[in-house]
Number of protein chains: 4
Amino acid sequence: MSSMMKAAVFIAPGRIEIAEKPIPDVGPNDALIRITTTTICGTDVHILKGEYPVAPGLTIGHEPVGIIEKLGSAVSGYQEGQRVIAGAICPNFNSYAAQDGVASQDGSYLIAAGRCGCHGYKATAGWRFGNLIDGTQAEYVLVPDAQANLAPIPDGLTDEQVLMCPDIMSTGFKGAENANIRIGDTVVVFAQGPIGLCATAGARLLGATTIIAVDGNAHRLGISRQMGADITLNFTQCDVVEEVMKLTGGRGADAAIEALGTQHTFASALQVLKPGGTLSSLGVYSSDLTIPLGAFAAGLGDHKINTALCPGGKERMRRLMGVIASGRLDLGALVTHHYALDDIEAAYDLFAHQRDGVLKIAIRP
Amino acid sequence: MSSMMKAAVFIAPGRIEIAEKPIPDVGPNDALIRITTTTICGTDVHILKGEYPVAPGLTIGHEPVGIIEKLGSAVSGYQEGQRVIAGAICPNFNSYAAQDGVASQDGSYLIAAGRCGCHGYKATAGWRFGNLIDGTQAEYVLVPDAQANLAPIPDGLTDEQVLMCPDIMSTGFKGAENANIRIGDTVVVFAQGPIGLCATAGARLLGATTIIAVDGNAHRLGISRQMGADITLNFTQCDVVEEVMKLTGGRGADAAIEALGTQHTFASALQVLKPGGTLSSLGVYSSDLTIPLGAFAAGLGDHKINTALCPGGKERMRRLMGVIASGRLDLGALVTHHYALDDIEAAYDLFAHQRDGVLKIAIRP
Amino acid sequence: MSSMMKAAVFIAPGRIEIAEKPIPDVGPNDALIRITTTTICGTDVHILKGEYPVAPGLTIGHEPVGIIEKLGSAVSGYQEGQRVIAGAICPNFNSYAAQDGVASQDGSYLIAAGRCGCHGYKATAGWRFGNLIDGTQAEYVLVPDAQANLAPIPDGLTDEQVLMCPDIMSTGFKGAENANIRIGDTVVVFAQGPIGLCATAGARLLGATTIIAVDGNAHRLGISRQMGADITLNFTQCDVVEEVMKLTGGRGADAAIEALGTQHTFASALQVLKPGGTLSSLGVYSSDLTIPLGAFAAGLGDHKINTALCPGGKERMRRLMGVIASGRLDLGALVTHHYALDDIEAAYDLFAHQRDGVLKIAIRP
Amino acid sequence: MSSMMKAAVFIAPGRIEIAEKPIPDVGPNDALIRITTTTICGTDVHILKGEYPVAPGLTIGHEPVGIIEKLGSAVSGYQEGQRVIAGAICPNFNSYAAQDGVASQDGSYLIAAGRCGCHGYKATAGWRFGNLIDGTQAEYVLVPDAQANLAPIPDGLTDEQVLMCPDIMSTGFKGAENANIRIGDTVVVFAQGPIGLCATAGARLLGATTIIAVDGNAHRLGISRQMGADITLNFTQCDVVEEVMKLTGGRGADAAIEALGTQHTFASALQVLKPGGTLSSLGVYSSDLTIPLGAFAAGLGDHKINTALCPGGKERMRRLMGVIASGRLDLGALVTHHYALDDIEAAYDLFAHQRDGVLKIAIRP
């Protein structure tokens, strides 16, 4: 094994390029993974565009599928050569935050690194790959807290079948889990990109029986039906809030899931809710949000608003891969394109411009 | 018994006056209560000022303590002459909303009355006294759905001891119950008016061990200590967000309760939270709200925002009066003034201008 | 309309017969329903055999599908001639128990009737049809607390499609709801009679991805696969506990649902659980139960045991019928036989002896 | 520092003696703690008597208060010389069980050690000190998974003030937390030994307003009032079940906490419950348990039975010490005696025979 590897690194706004970097050393609680498949996320595009700042030279990407190359001395119960994934968020489960129930929100890493200048930043400190440490768009990646985060891939599942688990499926499902869904609920899912599609699938798995998928893209609405939507609304062709009120006999939806990150979808999600309903928000917003007074019933509507960062950890990954293995859900339709790591710049270009019906791109070193 | 009674009725913006009205007839599921004590709420002042619209001629007030004068033919298990209270919100527990877990949000009454022009209004339809039907600032009040809403006063408790139960205590406690408090939590309560003081007391009862009460009024902060606050912050003398961060070692509060209804307190409540924390909102807002992006961690902070309308029903009232009877909490300090019903205009004047350290005024017909 | 009707009444142990009875009067909060379809429950067989005592002369049955014949004067929002169902349990939602979260457990009815001699009996006091008041195996039935309990049948659903909603589906689903199921769980369902089959279907709807159905009857195990079981275990052919441990890699099941009511299934349900797992018990037991020390980890296993009585009320029925209407679940396979009310004695005979692959029998007056 | 230390080791049933042992080596994720105070638990007496089997030569004890002597190379954020505690249960928070919500139930340690012969044993595998590895009744103890388990003692708290946190307070509070307590609840706590007393205190902190403490020892009942009991029942002088029914007007208690581990207290805890109530069980039982059919309402009472093993981890310990620091609770009354480590055999003798009003004994090396 050579001591060098290829990696897609952030150079400057507008530039992510393949570079040679040393293969990292393995500490006692780490594992080195040889990447066999990874993918590009919307967040990576924000990094590319310079909208989300990371250190120049950092390897990008946070969705690893691969093979254990080397285990740290204190990591047990795994074998080198084993196929594994790890979550996009690799929490430190020894942290106060994790023991307090929000593993993805551990700020101790940032504080230790002296990078925590403000309260807001700490909130997402559980996200390390391609943000605080080198990421997965490379030949190798170092997984921290490996004992907590390495999840063996069940026999019989391909790389592509589990490629959505580290981020897209975990985030989308969390959106459904945060929506307080009960059997028989009506749930509206705003936006049917990869995460919204997984939220739709999650709502179906949790017993919602009227799932209304909203998007402006007819192709994505078609896929949302495969994922479990009962009704699709194209917001370019109807007034979504009015339509939901009609569909529910004026009662409003039990829950709404926001999977885009805009003021308009956030406000609409609140407007379709019944009094007592839940807004589960997944979007990454880029400016202050406005809560409309009427939809909020002036604060008297017994509404709930829940937000979330993608859950990680080996138990979460085990469950998600179990869902795939059970045959309950096939996310194959989400992987629309394939590229070699060497061609990742072209892949970014396709993905950033949403050409050719792209949903997710499998990247192979 | 005469067929007429005195009542404080809304005439026009700026005018609430004592008028003569017929004592209402009692339907099969109603009860007629002779009021012995009631009080004025901040909402009543909004009505007085014309900020919240009600029908001219409506009797105002929603906090009844009294004696059963007459029971409907289908109401059983009570006796005429029995001392009772009823919640400010008298839900129809037979409604879909109540069976769905949000009794205060039943919209069927409004829909039946043909008064439900918009989605937002339905949200508070559980509030009937002094809003949709004649209220409690009168010699008599008709309690609808009496079987569900009449709550006998335990022996040994005075009118004043239970006067906060119908609204102030039920709402304030709900603020604490909605805050997901666990033993050992740090909870910040914004505003220490009557409801905020009860939220402080509720947080104490639920096991919070660092309760930080915030207000600009030193007298109210003093009372907050009697209600269970460990630390008081006068926002005229410090930066509250900064101070909470200092007190929690940079960790943030586990929960914050908003008990005023302004943009500033709402935003501050979000800013003091730890990632994963809960904002329990009680305030009645009068315009759209802004969620600051940073405090919201761009939507990635695992935050929860919960709102509530005052819970009602005889079981709720039974529990609240049980808390008073147990001696765990003495809300005597909240009743600062006494007026006869005939002098209610003067009482409104005192209360609306918050003169003389007023918190709540006992009104006696 | 004649003033008399036919009804299946309990005469003495071993004798349920068709008799003539007066059609009941309708009080202000009642509704008179003309039965179009009803069915026989296992509990009815216990009554027939004298194992569960009811008053001689009582009409039996608690699963009504029919048409509103007459509404009480205080009941609104319904129309005579409307097709409706009501739950097997028709709770008094005005009661303390209902407002306390356990509507099915209201004891006030029994206490009022002076029939509540002991603590244990109060527990099931929410069950009135065919237990405390005349039941549904008749031409007409009087529904108490009609405002809370009448649930209109959605257009396009037949009597048979909703016949399981009042009891079998509500109870079976509650078994799944009580099992704390999360996406990806392994759930074992003990016994695949009608209620167990619905528990299997409920577990599937709530996101369990490995559902193991247990029974000794190969035909019922076959139907359990239609209801959503992934794996079936015939206890006459294998050691169920051992098999579950093998299937879960020694980890144990996340949850187990007991749907029979015997010591053996109860103990097995505990034995298959992981530490921290939940036993959801639906069975009606007929003697003291033993908790095996080892399976209970001497009390240190973070286990949960939850029991339930069938939930009722119009919102519950609305949701269950919504599940059927959504096409998520087809319970058609559960109605295996049809009889006229006049032939109900033959139907009891078939059902009590479980002849001819019977699951449920539709009875039509 | 010498390489040898004194430790109380299990020799054979009936014999725990002070022996010399090597001070253990410190691995990368360990910490070596110099014990300043520890104590004896009822479980230790079971070990002494041979009722609970441990390996001969094992150091006993699981309640550590001490000073960090040496940190493993991978442990950060602590300093040698710092005063700390660790939970009686030191979970591996990297395990599947911990990520699944039951940190105390991790069986991976036992499986790794090849000691897991049966399902039941795995359940308590989170308990390591004095069970699977050397314990705390020694001059030094090695804390595994130190990053997750070391909890700094707040300034100003003495060893004795935090001595109950590792086990007694964490277990007792968990009993209250598992009881689904809401404000205004009636809670019955069976047995007022150290853990029952902490359950009483926990029920008070969570808002129960009628706390009924049960024991046969008048002295302990006296202390239960200091811990928050409103009413005490001496079972040698009354029928507890009958008395609770009288006190609740026939309604039954909302919750009951079993803190002894006998058939009689378990059955009584079920018998005092209302339909829908919760039995929170803390006891370590020594034989199969019987559930009485009547109290269990034949399985139809909407009852919940929850069990628990003591929660651990630094966040739990931080919260518990925070409760002490807040002044909400003073557990000083529970430490009744003091002994040097050298005299621990006499301490065991006193404790095992419950002489001299002993509750807990502080042991100092």
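The table below gives the values:
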read-out	value
Axis-nearest residue in chain C [Cβ, rotation onto D], distance in whole Å	C:Ile305, 2
Efficiency of FRET from Cβ geometry, B:Glu20 and C:Ser3, R₀ 56 Å, rounded to 0.05	0.70
Within the protein assembly as shown: Cβ-based charge dipole about Cα centre, in debye rounded to nearest 20 (Lys, Arg +1; Asp, Glu -1)	0
Residue (of B:Leu247, B:Gly277, B:Thr210) at the positive-pole extreme of the stretch B:179-307, dipole from beta-carbon charges	B:Thr210
Where labels lie 7 Å past Cα in the beta-carbon direction, separation of B:Ser73 and D:Glu80 in nm	8.9
Under the span-like rule (Cα at least 15 Å along the axis, Kyte-Doolittle mean at least 0.0), DSSP H helices of chain C	C:194-205
Label-to-label distance, nm, for residues given as B:Arg225 and A:Lys246 (7 Å Cα→Cβ offset)	6.2
For the stretch D:77-109 and the stretch A:257-299, distance of Cα centres in Å	38
Distance between modelled label sites at C:His338 and B:Ala346, nm, 7 Å Cα→Cβ extension	7.9
Expected 222 nm ellipticity per residue - DSSP helices of 4 or more, -39500 (n - 2.57), all of chain B, to 500	-7000 deg cm²/dmol
Shielding by partners - mean other protein chain Cβ count within 10 Å, residues of A:66-73	1
Test item: Cα-centred dipole of chain B, Lys/Arg +1 and Asp/Glu -1 on Cβ, debye	560
Exercise: per-residue mean of other protein chain Cβ atoms within 10 Å, C:308-321	4
Separation between Cα centres of the stretch D:179-233 and the stretch C:171-215, rounded to whole Å	37
Residue among C:Phe129, C:Phe266, C:Phe296 with the largest mean-square fluctuation in a Gaussian network model of chain C, springs linking Cα atoms under 10 Å	C:Phe296
Local electrostatic count, A:Leu32, Cβ distance below 10 Å [Lys/Arg +1, Asp/Glu -1]	-2
Ascending list, in nanometres, of distances separating the A:Thr262 label from those of the other copies (7 Å, Cα toward Cβ)	3.5, 6.1, 6.9
Over chain D, relative contact order from alpha-carbon pairs under 8 Å, at least 6 apart, %	18
Net charge contributed by nearby residues that have their C-beta within less than 12 Å of D:Cys90 (K/R +1, D/E -1)	-2
Alpha carbon convex hull of the stretch C:179-307, projected area averaged over orientations, nm²	7.0
Highest-MSF residue in chain C out of C:Leu320, C:Leu334, C:Leu300 [GNM, Cα springs under 10 Å]	C:Leu300
Teacher prompt: C:His219 distances to equivalent labels in other copies, 7 Å Cα→Cβ, nm	5.2, 6.8, 8.1
Dipole magnitude of the stretch C:179-307 about its Cα centre (Cβ charges: Lys, Arg +1; Asp, Glu -1), debye to nearest 20	260
Pseudo-label separations to other copies for D:Pro13 - Cα-to-Cβ vector, 7 Å, nm	4.9, 7.8, 8.8
If the convex hull is drawn through the Cα atoms of the protein assembly as shown, its volume per residue in Å³	169
GNM top mover of A:Ser281, A:Ser95, A:Ser224 - chain A, alpha-carbon springs below 10 Å	A:Ser95
Shielding by partners - mean other protein chain Cβ count within 10 Å, residues of C:185-194	0
Principal axis box of chain B, alpha-carbon based, largest edge first, Å	65, 41, 40
Cross-link reach list, aspartates and glutamates versus B:Lys174, counting only Cα pairs under 13 Å and skipping chain neighbours closer than eight places	A:Asp302, B:Glu258
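Read-outs throughout are calculated quantities, based only on the coordinates presented, and are distinct from any laboratory measurement. Keep in mind the model is a prediction, meaning the values are calculated, not measured. Cβ sites come from the backbone with ideal geometry, for glycine too, and all protein chains shown count toward neighbours.
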